[in-house]
Amino acid sequence: MRQIIYTLLLSVSYLISANWASATQTLISIAPQASQLNVLDTQALGKINTSFQTKQGIIWLGTDDGLIRFDGYNAKRYIHKPSDNRTISHNKISAIIEDPQSNLWIATEGGGLNKFSPQTELFTHINLRFINFNNPIIIC
């Protein structure tokens, strides 16, 4: 009887450890689905100054060469175009935050503050000279 119990406990222990190993292996294999982001359109990413992940899981990178959106599979770079005031105001990004409406607020070095709508993919330049700091705007 002792031999049967010992064999049964050993078998159950083996099954639990085998199931645990396969569960762990499944969890580890999820991450390789995302692609590595080193180069964007044959152009190096450059220096990354800041990063931010939205509620939807999108990763935004602020670089010296523009704003980069990365969803785990595809990347898109947003850059300043002097002839288009709907683009970001400067390429050197220093900070990124998200407001409750899922808009991004992007601070640049040399171009001030920008509000970005992910739905329209358009930037609005915020001119800080016309903000009354005695009655500040609260965005969060």
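The values are calculated or read from the model by the stated rules, or taken from the named source; none is laboratory data. Because the structure is a prediction, the values reported are computed rather than measured. Backbone-built Cβ (ideal geometry, glycine too); neighbour counts: all protein chains shown. Each accessible area value is taken on the protein alone, full model and side chains, heavy atoms only, with ligands, DNA and RNA left out. Shrake-Rupley method; radii C 1.70, N 1.55, O 1.52, S 1.80 Å.
What to note about this one:
- Scanning region 36-62 for residues that are in contact with a Lys or Arg (Cβ under 9 Å, 6 or more places away or on another chain), modelled with pLDDT of 90 or more and over 18 Å from PHE123 (Cβ atoms) returns a single hit, ILE59.
- Among the residues of region 99-121, those identified as of a type in the set (S, T, N, Q) and without any contact (Cβ under 8 Å) to a residue 40 or more places away in the chain are GLN101, ASN103, THR108, ASN114, SER117, GLN119, THR120.
- Test: ASN91 is over 30 Å from LEU128 (Cβ atoms) and either at pLDDT below 95 or not acidic (Asp, Glu) (or both): no
A quick yes/no check of all residues on (1) more than 16 Å from LEU45 (Cα to Cα); (2) not in a loop (DSSP other than H, G, I, E, B):
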| residue | (1), (2) |
| --- | --- |
| GLY57 | yes, no |
| LEU61 | no, yes |
| HIS80 | no, no |
| SER83 | yes, no |
| ARG86 | yes, no |
| SER89 | yes, no |
| ALA107 | yes, yes |
| HIS125 | yes, yes |
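- Looking across region 63-77 at every residue that is open to solvent by 20 Å² or more (accessible area, probe 1.4 Å) and part of a loop (DSSP other than H, G, I, E, B), the one that is farthest from ASN127 (Cα to Cα) is identified as TYR73.
- Complete set of residues in region 78-124 that are among the charged types (D, E, K, R), on the phi < 0 side of the Ramachandran plot and open to solvent by 40 Å² or more (accessible area, probe 1.4 Å): LYS81, ASP84, ARG86, LYS92, GLU109, LYS115
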